[in-house]
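The values are calculated or read from the model by the stated rules, or taken from the named source; none is laboratory data. Keep in mind that this is a model prediction, so the values were computed, not measured. When we count neighbours, we look across all protein chains shown, and the Cβ atoms used for this are built from the backbone with ideal geometry, even at glycine. In case anyone asks, the SASA skips ligands and DNA or RNA and just uses the protein heavy atoms, side chains included. Shrake-Rupley method; radii C 1.70, N 1.55, O 1.52, S 1.80 Å.
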Amino acid sequence: MQWEAVIGLEVHVQLATQSKIFSGAPTTFGAEPNTQACAIDLGMPGMLPVFNGKALEMAVRFGLAIGAHINKVSVFDRKNYFYPDLPKGYQISQLDHPIVETGHIDILLDNGETKRIGVTRAHLEEDAGKSLHEDFHGMTGIDLNRAGTPLLEIVSEPDLRSAKEAVAYLRKLHAIITYLGISDGDMSQGSMRCDCNVSVRPKGQTELGTRTEIKNVNSFRFVEKAINHEIERQIELIEDGGKVVQETRLYDSERDETRSMRSKEFANDYRYFPDPDLLPVEIDDAYIERIRETLPELPEAKQARFQSQYGLNATDASILAGSREQADYFEMAAEVAGDARLAANWVMGEVAKFLNQHDLDIGRCPVSAEALGQLIQRIRDNTISGKIAKDVFEAMWAGEGSADEIIDKRGLKQVTDTGAIEAIVDEVIANNAPQVEQYRASDDAKRGKLIGFFVGQVMKASKGKANPQLVNQVLRQKLDS
Amino acid sequence: MALDKNDLNKIAYLARLEIAPENAERVLNDMDRILDFVDHMQQVDTEGVEPLAHPIESRQILREDRVTEPNQREALLANAPATENGCFLVPKVIE
Amino acid sequence: MDVRKLTLKQAIDGLSAGTFSAEELARSWLTTIRESDSALNSFVTLDEEYTLAQAREADRKRTSGEVLPLAGVPVAYKDIFCTQGLKTTACSKILGNFVPPYESTVTQKLKEAGAICLGKTNMDEFAMGSSNESSFFGPARNPWDTDRVPGGSSGGSAAAVAAGLAPAALGTDTGGSIRQPAAFCGITGMKPTYGRVSRRGIIAFASSLDQAGPMTRTAEDAAILLNHMCGRDPWDSTSSSEAVPDFTAELANSLKGKVLGLPKEYFAGELDSGIADALDAARKVLEQMGVTFREISLPHTHLAVPAYYVIAPAEASANLARYDGVRFGYRCENPQNLDDLYTRSRAEGFGEEVKRRILVGTYALSAGYYDAYYRKAQQIRRLIRDDFLKAFEEVDAIFCPTTPDVAFRLGEKTDDPVKMYQEDLFTIPVSLAGLPALSMPCGLVNGLPAGVQLVAPHFEESRLLNIAHQFQTETDWHTLQPGQKGA
């Protein structure tokens, strides 16, 4: 039987506010346990939540970026359950009146087509703390630093049909939130966390199969693996005559498998109700328009502009627009270089290659966009050849200085003095009589191929510094005459 | 609306309250009386009435995004029944 | 010095005239409490050094020329207000050793006005009760008859003020917890408009209803204290931005031309005839002062108590989830696992009434019942509020009994929670509507105080204080004090 997977993602994004969503405690990652949790975060008696306006603004930014409906009245609810990392015994979240509803995100499929993925809703809520299991001799330690960090939970429609599509959606989402500057999107630090709802059904069937939810998937790679693993598990289970149980599963990246989380004696009943400590959040059109005006250019718009403004093809433009940092880097390099196409090639070529080798992202590239632009300028003004430029780039990466400094220090400046080149050409002609003979006996088409030999000899003799165009010109003059 | 012991156990577990078996009967009885009393609400038709969550209908005021709370860990942990290395201690949590 | 008869106003005047120092005053009250409170159990925490240190500081400031409006005035705080460095328990075992590292906004405001904390008063556990009998520290008793309850939940505050153990006290009122004990003990108690006083640092019972207010001997004292309690708090989202007037400004206004409403539903079957007579007499006094009365109807009154006993327990079930034995408060011995830690700490730490309400609230919010209970109750809440708003189109304020009967005997209603809940049938509708209301003494029935309740439109506390103060200039019910046993 042919099977089809149906996937929906729930993504929790930590918003990059300075202070928590309901308190004035800081949100910095990695501090000593419980040093960033104030009385409100700890749910101390009599402490009350006060909503951070920046979190609201960020949520609205996101909603506008995905063409969603922004609710002018949104309401915070209490979601009740007991867990030691949840200090108040309830999480403040939004159920019936989320801030953002019905938007969409477009993804690019492998076949070059665009697919639209629905976003059901995005709501604001507070993050929980952390349970620490090591170093507490059989007990569990509770660190509430993370408690109260603002989260935007973004829920997709079950529109995704493969792990690849899920990853494409996640990457696009990542690009959007980082473009908007509402989160650092760092999955390794938990700034973006993904729960995957997965079910399978026979191809052609409209009715949905029973789904499982995989929690705790914290990298693009693991999302792909976890979903693929879960699809296989479900298909195997059904084909063996079993039934998928609706449950929560945990992805174990070390074993590359999902396993069932211990089911509770009673199913959870979260008893949502409007939080009486908070009032309805009301915004007006003026507020929304003010935010709309500050929206940056988003990935799709940027890609389109790269194509029209710089004459790049769709694939290159899409790669370069893939993250805001990369796009900014490219544009800066192109501006300094004065040649966008060349800049694009360099960013996707040498720069990407080096970043990959050193496992760095472009934000930490040791060669700045301006520096790269200057290097490209030296190619364009014939100071160095493209080949030499690669050596210079390597030296720049190693911190040896700017392109000009390295070119100077290493004496890599191209020889453009016609007299000097003529002298070398004369020498090469004198030393290669048989080849000269052959060249002169050939027709134009053949000569075009044979000239390469002489160019190579001249370049070799000049240690690569002779200007190739000039060399060509002088050679033709002397050989053809 | 009569509750049975299963209902009571379920509610008690949601509220994380242990009810001693010898008290269950009495607790059930009290709850039944309260719920019977509360059911007087059903006397009135409230079709179309918007629920009122706060007596003064007002809007949420937004806080400026500023860090105002310095680290006060020692003071805040002073009331905790058990701590170690700046963490609250609980019996092992199994995931 | 016998301080028992001193009002807040007299204490302020005596302090500024130099008749006594703050330390002398505090010592006198502490001595009085020591001598008399064993019969009343109105205080649960006294820390003489804590109080005297504040008194000495007040004296020092006064000597150095820094004059604060309440400098050196002692006030008793219900044990639900968090006081930094002083045990705050909500009279629950689960918070038996809790020492807050912060001060509630309202007590902080009083502190900044110069007031000093005389001690923490007894109350029903987590303010859940109408008799003070659910306190972990045992019931407070009514100074008019110590076999009777002082009312609740702010029973300790009411008993202390009535017995002259404090010139004034703070209470909180969720469904009547200031007004009912004020009526039972023969003092003046006011619940301000919901949102007038910050709830920050007040241990929560039901967030959409809880409101702190003054409990004093006179309306004038209530106005003075209220002047230093109100205002927008950036750390309480539900606190109001409404401008805060000087609540003493209108006290002297004439009542001529004022129209008071008599809600017919409040004068029906449940009302004790003695109380009805006392209210009738009070009405005549006010009529002589130029007030006219008009019958009004608040047709949804009978639904208020049922709706309240869904809304308040539902909110409480979530508000009290934080008492889990992890970060503060009581933890059971030797928890075997996480669920054991939770279920036993909470079962052992909470009293019966609190557990009952948590269970009812949990049930009312649980899957399948939300619409029938919680949503329905919130709809009724709107009907009740709209009844009042409509009535206020015709009248300036409402005049009605605070309680259906005078103080009852200890143990009389503990077996039947529903009977106990009915105690608050005249105060609960007002709470659901978030309106300001005041109870003041208007007579004695068989030697026990009867209270009249005045209710005004939102944020019109001044109107209530004006009516009450004018009434108190013409009558002396508010000056009566219980003797010892049996008054």
C:Ala372 versus A:Tyr83, label points 7 Å from Cα toward the beta carbon: distance in nm? 3.0
Chain C: longest segment with zero exposed GluC sites (Glu not before Pro), where exposed means DSSP loop plus at most 12 other C-beta atoms within 10 Å, is residues C:67-332
Run the 1.4 Å probe and let me know the accessible area of A:Lys79, rounded to the nearest 10 Å². 40
For the protein assembly as shown, with only Lys/Arg (+1) and Asp/Glu (-1) charged at the beta-carbon, what is the dipole magnitude about the Cα centre, in debye rounded to 20? 1280
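Take the Cβ-Cβ distance between A:Glu297 and A:Glu232 as r, set R0 to 35 Å, and report the resulting FRET efficiency rounded to the nearest 0.05. Present the calculation step by step, with values, prior to reporting the outcome.
Values: r = 40 Å, r/R0 = 1.15.
That pair, A:Glu297 with A:Glu232, gives E of 0.30.
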The base-10 log of I(q)/I(0) that the Debye equation returns for segment C:1-150 at q = 0.09, 0.11, 0.15 Å⁻¹, one scatterer per C-alpha, is -0.29, -0.44, -0.79
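Could you tell me which trypsin sites (Lys or Arg not before Pro) in segment A:381-410 are loop residues by DSSP with no more than 12 other beta carbons within 10 angstrom of their beta carbon?
On the way: sites: A:Lys387, A:Lys390, A:Lys409, A:Arg410; in loops: none.
Nothing satisfies the criteria.
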222 nm mean residue ellipticity, helices alone, for chain B (DSSP H n ≥ 4; -39,500 (n - 2.57); rounded to 500): -10500 deg cm²/dmol
As straight-line cross-link partners of A:Lys478, the qualifying aspartates and glutamates (C-alpha separation under 18 Å, not fewer than 8 residues apart within one chain) are A:Asp417, A:Glu422, A:Asp426, A:Glu427, A:Glu437, A:Asp443, A:Asp444
Counting partner chain Cβ atoms within 10 Å of every residue's Cβ in C:346-354, what's the average? 3
Could you name the aspartates and glutamates whose alpha carbon sits less than 19 Å from that of A:Lys243, not counting residues in the same chain fewer than 8 places away? A:Glu4, A:Glu207, A:Glu213, A:Glu230, A:Glu232, A:Glu257
Can you find, among A:Thr210, A:Leu412, C:Val291, the residue farthest towards the positive end of the dipole of the protein assembly as shown? Put +1 on the C-beta of Lys and Arg, -1 on that of Asp and Glu. A:Leu412
Please report the buried accessible area for the interface of A with C, total over both chains, probe 1.4 Å, in Å² to the nearest 100. 2800
Taking placed amide H atoms and a strict 5 Å upper bound, the residues 5 or more places from C:Ala168 or on another chain that come that close are C:Ala76
Förster radius 22 Å - calculated FRET efficiency between C:Arg60 and C:Asp13 (Cβ-Cβ, nearest 0.05): 0.60
Taking placed amide H atoms and a strict 5 Å upper bound, the residues 5 or more places from C:Val197 or on another chain that come that close are C:Ala212
With each run of n ≥ 4 DSSP H residues scored as -39500 (n - 2.57), what mean residue ellipticity at 222 nm is computed for chain A after dividing by its residue count and rounding to the nearest 500 deg cm²/dmol? -12500 deg cm²/dmol
Could you tell me which of A:Ala337, A:Gly112, C:His228 has its Cα farthest along the dipole of the protein assembly as shown towards the positive end, charges placed at Cβ (Lys, Arg +1; Asp, Glu -1), taken about the Cα centre? A:Ala337
In segment A:395-481, GluC sites (Glu not before Pro) in a DSSP loop with at most 12 other beta-carbon atoms within 10 Å: none
Kindly state, to the nearest 0.05, the FRET efficiency for A:Arg116 paired with A:Lys390, given R0 = 41 Å and r defined as their beta-carbon distance. 0.50
Taking the Cα-to-Cβ direction at B:Ala75 and at A:Ala461 and moving 7 Å from each Cα, how far apart do the two end points lie in nm? 8.4
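Of the cross-linked pairs A:Lys20/A:Lys172; C:Lys264/C:Lys413; C:Lys258/C:Lys284; A:Lys353/A:Lys463; A:Lys79/A:Lys172, which ones have a Cα-Cα span greater than 18 Å in the structure shown?
Values: A:Lys20/A:Lys172 26 Å; C:Lys264/C:Lys413 27 Å; C:Lys258/C:Lys284 14 Å; A:Lys353/A:Lys463 26 Å; A:Lys79/A:Lys172 30 Å.
Exceeds cut-off: A:Lys20/A:Lys172; C:Lys264/C:Lys413; A:Lys353/A:Lys463; A:Lys79/A:Lys172.
Is segment A:129-241 best put as rounded, prolate or oblate by its Cα gyration tensor, with a ≥ b ≥ c the root eigenvalues, rounded for a/c under 1.5, and otherwise prolate when a/b is larger than b/c, oblate when not?
On the way: a/c = 2.61, a/b = 1.41, b/c = 1.85.
It comes out oblate by the Cα gyration axes.
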Would you compute the Debye intensity of chain A from its alpha-carbon atoms alone, equal scatterers and no solvent, and pass along log10 I(q)/I(0) at q = 0.06, 0.12 Å⁻¹ to two decimals? -0.42, -1.11
In whole percent, the fraction of accessible protein surface over segment A:200-332 that belongs to carbon or sulfur atoms, probe radius 1.4 Å, stands at 46
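At 1.4 Å probe radius, can you tell me the per residue accessible area of chain B in Å²?
Values: 5060 Å² over 95 residues.
Averaged over the residues of chain B, the accessible area is 53 Å².
Could you tell me the total accessible area buried at the C-B interface, probe 1.4 Å, in square angstrom to the nearest hundred? Don't jump to the answer; show the numbers that get you there.
Values: alone 18030 and 9830 Å², together 22470 Å².
Buried area between the two chains comes out at roughly 5400 Å².
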Taking segment C:1-126, the lysine pairs whose C-alpha atoms sit under 27 Å apart (8 or more places apart or on different chains) add up to 26
Test of the criteria: in segment C:408-473, which chymotrypsin sites (Phe, Trp or Tyr not before Pro) are in a DSSP loop and have at most 15 other Cβ atoms within 10 angstrom of their Cβ? none
Amide H proximity to A:Tyr81 below 5 Å, modelled H, separation 5+ or other chain, gives A:Tyr90, A:Gln91
Aspartates and glutamates with Cα under 14 Å of C:Lys390, excluding same-chain neighbours fewer than 8 positions away: C:Glu295
Obtain the nm distance between the two label points defined at C:Asn334 and A:Asp359 by a simple spin-label model: each point lies 7 Å from its Cα along the Cα-to-C-beta direction. 4.9
For the protein assembly as shown, list log₁₀ I(q)/I(0) at each q in 0.05, 0.06, 0.10 Å⁻¹, using the Debye formula over Cα point scatterers of equal strength and ignoring solvent, two decimals each. -0.43, -0.57, -1.19
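Could you report the buried accessible area between A and B, both sides summed, computed with a 1.4 Å probe and given in Å² to the nearest 100? Provide the component values of the computation, followed by the final result.
Numbers: alone 24700 and 9830 Å², together 30480 Å².
The summed interface area works out to 4100 Å².
Dipole magnitude of chain A about its Cα centre, charges +1 at Lys/Arg Cβ and -1 at Asp/Glu Cβ only, in debye to the nearest 20?
Working: 55 positive and 74 negative charges, 233 e Å.
My answer is approximately 1120 debye.
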So what are the ³J(HN,Hα) numbers for segment A:48-58, from phi and the Karplus equation (6.51, -1.76, 1.60; θ = phi - 60°), rounded to whole Hz, Gly and Pro as x? 10, x, 10, 6, 7, x, 5, 5, 4, 4, 5
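Just from its helices, what would the mean residue ellipticity at 222 nm be for chain C, if runs of 4 or more DSSP H residues each count -39500 (n - 2.57) and the sum is divided by every residue, rounded to the nearest 500 deg cm²/dmol? List each step's numbers first, then the result.
Working: 15 runs with 172 residues, N = 487.
So the helix-based figure for chain C works out to -11000 deg cm²/dmol.
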Highest average packing first - C:273-281, A:13-21, C:442-450, Cβ atoms within 10 Å: A:13-21, C:442-450, C:273-281
Skip the ligands, DNA and RNA, and give the accessible area per residue of segment A:123-187 with a 1.4 Å probe, whole Å². 30
Karplus-derived 3J(HN,Hα) from phi for segment A:327-340 (6.51 cos²θ - 1.76 cosθ + 1.60, θ = phi - 60°), whole Hz, x at Gly and Pro, runs 5, 5, 4, 4, 5, 5, 4, 5, 5, 5, 6, x, 8, 5
With a 1.4 angstrom probe the carbon and sulfur portion of accessible area for segment C:8-256, in percent, totals 49
Shielding of C:196-205 by partners, i.e. mean partner chain Cβ atoms within 10 Å per residue? 3
Roughly how crowded by other chains is peptide B:15-27, in terms of the mean Cβ count from those chains within 10 Å of each of its Cβ atoms? 6
Looking at segment A:34-59, residues buried by 40 Å² or more relative to their chain on its own, accessible surface at probe 1.4 Å, turn out to be A:Asn34, A:Thr35, A:Leu42, A:Met44, A:Pro45, A:Gly46, A:Met47, A:Leu48, A:Val50, A:Phe51
Out of C:Gln472, C:Leu365, C:Cys400 - ranked by how far each Cα lies towards the positive end of the dipole of segment C:349-485, with unit charges on the beta-carbon of charged residues - the top one is C:Leu365
